Each structure stands twice: as C-alpha cells, then as structure tokens.
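The values are calculated or read from the model by the stated rules, or taken from the named source; none is laboratory data. From a predicted model like this one, the values you see are computed outputs, not experimental measurements. As a convention, Cβ positions derive from the backbone with ideal geometry for all residues, glycine included, and neighbour counts pool all protein chains shown.
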Amino acid sequence: MKIEVEPDDDGVARKAAAIIAADARAAVPARGRFIMAVSGGRTPWMMLRALAGEQLPWENVHVVQVDERVAPAGDPDRNLAHLRESLLDHAPLRPDHVHAMPVEAADLDRAAERYALTLRELVGSPPVLDLVHLGLGPDGHTASLVPGDPVLAVTDADVAVTGPYQGKRRMTLTFPIINRSRRVLWLVTGGEKAGALVRLRDCDPSIPASHVRQDRALILADRAAAERLGTT
C-alpha cells in the first residue's frame, strides 16, 4: 500500500482526478472501456468535478456505484444525485453509462443480484473493475462494509444489502469484487480519520477497511488525516 499526502482536500481531489484520468486513457486502448466504481462523500464529489475537466475517452467510460443508501429517488442522502450533479452536469459522459444501484426496489436482495448481473454484463464474469474508489470512516468502515454487519462475511456475491447503519440500510459492493479490481484508490481527508488511517496502514484486522487488499491500493490523504502516520 502506498500513501501520498496532499496539503488539503482540494489537493487530494485533484490528484485523484488526475490518476483516474490517466488510468482511463490507458484502459480504453487496452480493453475498449474504463469501468470505475465511486463511493459517496464531499471530497469524492470534488474529485468528480475535477475529473469532468480532464481529457478522457468519455464515450468508453462507465461509472458504477460502490454503495448507496436505501432511500427514495431524490432523497438528499442518495449518492447518485451528487454523482450526477458533480459529473454528468459537467462532462460528456453518457447518462446511460452511469449505472445506479436499484435501491428503490421492493425486493432488495433480488435487486442486489440484478446489479451484480449488470456488472457481469459490463465486464464479464467474474467482473474485474478498472478502479474502485473508497473512503474510510472513523470507525474503520469502507464502502458500506461496517463493523459487525453480516455482509462482511459474504464471499459468494459481489453485491449485497446491509443491515441499518446510521438510520438506513445500504446496498454495497462486497470484498470479493473490490479485491479483484485493478486499482483501489482511497481518499482519506479530515482529522477525524487520522486514527483509522493508522489502523488501515497497520493492517489492523479488527476494522473492515483492512480486509481490502493492499498490493493494488493507493491512499491519497490530506495533512489532517495523515497527522498521526509519522508518530505511531
């Protein structure tokens, strides 16, 4: 695992956008498309806005979701609305190349299976995503893989539905598909993440984030999140 420290969240977002753009420009000639999975959060929306200004082969880019809250369309808690506002409103990305998790379905487990099928149709079976962007919670969660949830133990499905977390259930990618990806790009900003970042660096098995493979991982952190890395 490599950790790079930027001065602030804007620097993290811009560096992440540059990395994603470079990966996309390399992937399309090699494989004909670039598939990235995006998590929610304020810094990621900044990253996507910066990405919209990059030169990419947009017609061959697909965006899927790492996780999503189970909430109605238009709910301000939904990651999808921010994804569309940050990227679709500013980049020539085809709207049908943004693949939303079907969290409005009545049968969520079946909906998770459908989303897994969508991923297989995009990139084959088993699906290998080009890049998965992840965040890190102060409790050590990533995606919607939170401490104590049964989804942490899922090994036979790429998409699953969690129990309630902060008031809502979630649909999330699971460890198997995250760990098959060609690159994992972590964005970690804010002093409240400093302790969790140390635990992630040290592969503390008690936090979910440490179960993401490290050999393909790059962490971009701001100075606040990285403040304890040199002293622990």
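Filter the range 130-148 for residues that are small (G, A, S) and within 17 Å of I219 (Cβ to Cβ) and give the result. Residues satisfying the conditions are G135, G137, G140, A143.
Of all residues in the range 3-32, those satisfying the criterion of being in contact with a Pro (Cβ under 9 Å, 6 or more places away or on another chain) and either closer than 25 Å to C203 by Cβ or of a type outside the set (A, V, I, L, M) (or both) are A16, R25, P29. May I ask you to list the residues in the range 207-232 that are among the charged types (D, E, K, R) and more than 24 Å from I177 (Cα to Cα)? Selection gives D222, R223, E227, R228.
Note on the range 183-223: among residues that are without any contact (Cβ under 8 Å) to a residue 60 or more places away in the chain and assigned to a loop (DSSP other than H, G, I, E, B), the one that is nearest to A21 (Cα to Cα) is R216. Being over 14 Å from the mean Cα position of the chain (by Cα), closer than 28 Å to R14 by Cβ and free of Cβ contacts under 8 Å to residues at least 24 places away in the same chain holds for only one residue in L88, L80, L93, and it is L88.
Only residues that are basic (K, R) and outside any helix (DSSP H, G or I) were counted in the range 12-42, giving 1. Testing A73 on (1) out of contact with any Phe, Trp or Tyr (no Cβ under 9 Å at 6 or more places or on another chain); (2) modelled with pLDDT of 90 or more, one condition comes back false. Which one is that? Of the numbered conditions (1) out of contact with any Phe, Trp or Tyr (no Cβ under 9 Å at 6 or more places or on another chain); (2) modelled with pLDDT of 90 or more, the odd one out for A73 is (2).
Among what's in the range 163-173 and is surrounded by fewer than 23 Cβ atoms within 10 Å (Cβ to Cβ) and in contact with a helix residue (DSSP H, G or I) (Cβ under 8 Å, 6 or more places away or on another chain), pick the residue that is nearest to L48 (Cα to Cα). Per the criteria, the residue is R169. H90 falls short on exactly one of the conditions (1) more than 29 Å from A112 (Cβ to Cβ); (2) surrounded by 18 or more Cβ atoms within 10 Å (Cβ to Cβ), and that condition is (2).
Quick one: in the range 62-87, of everything that is out of contact with any strand residue (DSSP E or B) (no Cβ under 6 Å at 6 or more places or on another chain) and surrounded by fewer than 18 Cβ atoms within 10 Å (Cβ to Cβ), which residue is nearest to R31 (Cα to Cα)? So, considering only residues that are out of contact with any strand residue (DSSP E or B) (no Cβ under 6 Å at 6 or more places or on another chain) and surrounded by fewer than 18 Cβ atoms within 10 Å (Cβ to Cβ), the one nearest to R31 (Cα to Cα) is R84. Only residues that are aliphatic (A, V, I, L, M), over 17 Å from the mean Cα position of the chain (by Cα) and not in a loop (DSSP other than H, G, I, E, B) were counted across the range 140-163, and they come to 1. Out of contact with any strand residue (DSSP E or B) (no Cβ under 9 Å at 6 or more places or on another chain) and modelled with pLDDT under 90: is that true of E59 in this structure? In short, no.
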